[in-house]
Amino acid sequence: MTAPAVRRVRTAEWREIRDLRLEAVGDPAASIAFLSTVEQERAHDDDFWRRRAAGASLSDSAAQFIAEDGSRWVGTVTVLLREQGAPDHLGRTVSRARADIVGVYVSPRQRGTGLLGRLIAAAADWAADRGVPELSLDVHRDNERAQAAYRKLGFVPTGETFASTIGPELVMVRPGRVGA
Ligand SMILES: CC(C)(COP(=O)(O)OP(=O)(O)OC[C@H]1O[C@@H](n2cnc3c(N)ncnc32)[C@H](O)[C@@H]1OP(=O)(O)O)[C@@H](O)C(=O)NCCC(=O)NCCS
């Protein structure tokens, strides 16, 4: 079996971006994984997804990576660059420049294959090429599978915890491009 190809999304792929997001927020773990719901994502019009695709494919401060198994999209991560002193997606002030990993999803049949590591590596390379050496992410306290997956990839808890709209979360960080 050929491993799925990992690459950045393209501007024209707004429908695929939408459909993968709808799959992700429909996952049984979604309530401890994502800050939005199927209803909220379904409420967005096509222009919203076109703008999302433009940013995810072209921006210098955000990028979405996907894994493609033939024509089927089977995983994704998004990386958001944060400047020191700027607010992050939850309005918290960023103490030093970092790359936030959000929107992490691997389709059930691809779980446990190492695909997440390849998606994170693509995001880490992209951030490192822009001079941002540290990756950071938030994970729900009860999302044990995600925490285990992140630990395997070198993420460690910072000790910071906070309450988000989906409940208690913890912060994990990792040097960006491992081995660089
Ligand atoms: C989180 C996610 C991206 C991880 O990818 P993955 O391919 O499933 O991760 P892996 O299989 O490499 O690693 C998960 C580890 O947790 C273990 N695990 C599985 N279920 C577990 C559980 N309930 N509790 C603790 N560990 C668990 C797995 O056995 C594996 O460890 P191992 O390789 O030592 O056996 C994927 O499961 C997913 O998309 N989940 C739904 C969405 C989500 O939670 N996103 C993250 C939001 S922060």
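The values are calculated or read from the model by the stated rules, or taken from the named source; none is laboratory data. Computed from a prediction, not measured in an experiment: that's the story for all the values here. Backbone-built Cβ (ideal geometry, glycine too); neighbour counts: all protein chains shown.
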* Counting only residues that are near the ligand (Cβ under 6 Å from one of its atoms), surrounded by 13 or more Cβ atoms within 10 Å (Cβ to Cβ) and in a loop (DSSP other than H, G, I, E, B), how many does the range 105-163 have? -> 2
* For the range 93-104, what are the residues that are free of Cβ contacts under 8 Å to residues at least 40 places away in the same chain and surrounded by 15 or more Cβ atoms within 10 Å (Cβ to Cβ)? -> VAL94, ALA97, ASP100, ILE101, VAL102
* Structure fact -> Of the candidates TRP73, TRP49, TRP14, the one satisfying the condition of being modelled with pLDDT of 95 or more and touching a Leu at 6+ places or on another chain (Cβ under 7 Å) is TRP73
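Could we say that LEU90 is in contact (Cβ under 8 Å) with a residue 12 or more places away in the chain and either within 11 Å of the ligand (Cβ to nearest atom) or outside any loop (DSSP other than H, G, I, E, B) (or both) here?
Values: in contact (Cβ under 8 Å) with a residue 12 or more places away in the chain: yes; either within 11 Å of the ligand (Cβ to nearest atom) or outside any loop (DSSP other than H, G, I, E, B) (or both): no.
Spelling it out, it is not the case that LEU90 is in contact (Cβ under 8 Å) with a residue 12 or more places away in the chain and either within 11 Å of the ligand (Cβ to nearest atom) or outside any loop (DSSP other than H, G, I, E, B) (or both).
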* Taking only pairs six or more apart or across chains, which ones have beta-carbon atoms under 6 Å, a first residue in the range 143-160 that is without any contact (Cβ under 8 Å) to a residue 60 or more places away in the chain, and a second residue that is assigned to a helix (DSSP H, G or I) and within 13 Å of the ligand (Cβ to nearest atom)? -> ALA149/LEU116; LEU153/GLY117; LEU153/ILE120
* Looking at (1) modelled with pLDDT under 95; (2) crowded, with 19+ Cβ neighbours inside 10 Å, which is the one condition that is false for GLU83? -> (2)
